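The values are calculated or read from the model by the stated rules, or taken from the named source; none is laboratory data. Values in this document were obtained by computation on a predicted structure and should not be read as measured data. Positions of Cβ are generated from backbone atoms using ideal geometry, with glycine treated the same way; all protein chains shown enter the neighbour counts. The protein model used for the area step is the full one, side chains on, heavy atoms only, and it has no ligands, DNA or RNA in it. Shrake-Rupley method; radii C 1.70, N 1.55, O 1.52, S 1.80 Å.
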Amino acid sequence: MDDNTAETRKGTIAALNAALEELESGEGLSRFVDGHGLMSRRFEFEWREPKLEIDFRLPYARVLADEESQQDDDAEIGAAIRMAILLLTVDGEKANDIDGMSLSVWVDESGAGYSIRDAEGEVVDSGDDWSGLVHRLESALPEGEESLSVIWP
């Protein structure tokens, strides 16, 4: 990874942390939000590298939805933000379990998923349960790196 990519990654992690703080404070999310209107606002985060692709698109601030649905939306966005931070923290090329492989992670209203492909493009692991992926990534964190809990609601 070159210095520009490392700096971009650090800046993006900082922006994601700030977004998580906004979300958890209850003040409302202003970062990574697109759309307008009463029901069409969305949390959107996308990252593209040769070894890592992230595509997260979840509903946000659906004014006409009941309070429980809005809380569920916020919980899913919080989990997605934590996952994005974890993915960007772990340098895929140095991670023991995914060395030489590419990782694709996504979430939208229909569900969440991931796939890990080898150098030939063959899927070696995939699923819609992020717990196995989180375990792989946490084990690849550098020594002393703080762990994040990614709990999908």
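Numbers at a glance
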read-out	value
Heavy-atom accessible area per residue - the range 26-77, 1.4 Å, Å²	60
Potential extension, S25-T8 segment - 0.36 nm per residue separation minus Cα distance	3.6 nm
Sites N17 and R62 - FRET efficiency at Förster radius 22 Å, r taken between beta-carbons, to 0.05	0.35
Theoretical gain in end-to-end length, V124 to Q71 [0.36 nm per residue, Cα-Cα removed]	15.6 nm
Neighbour-limited loop hits for GluC sites (Glu not before Pro), the range 1-79 (at most 11 other Cβ within 10 Å; DSSP other than H, G, I, E, B)	E27
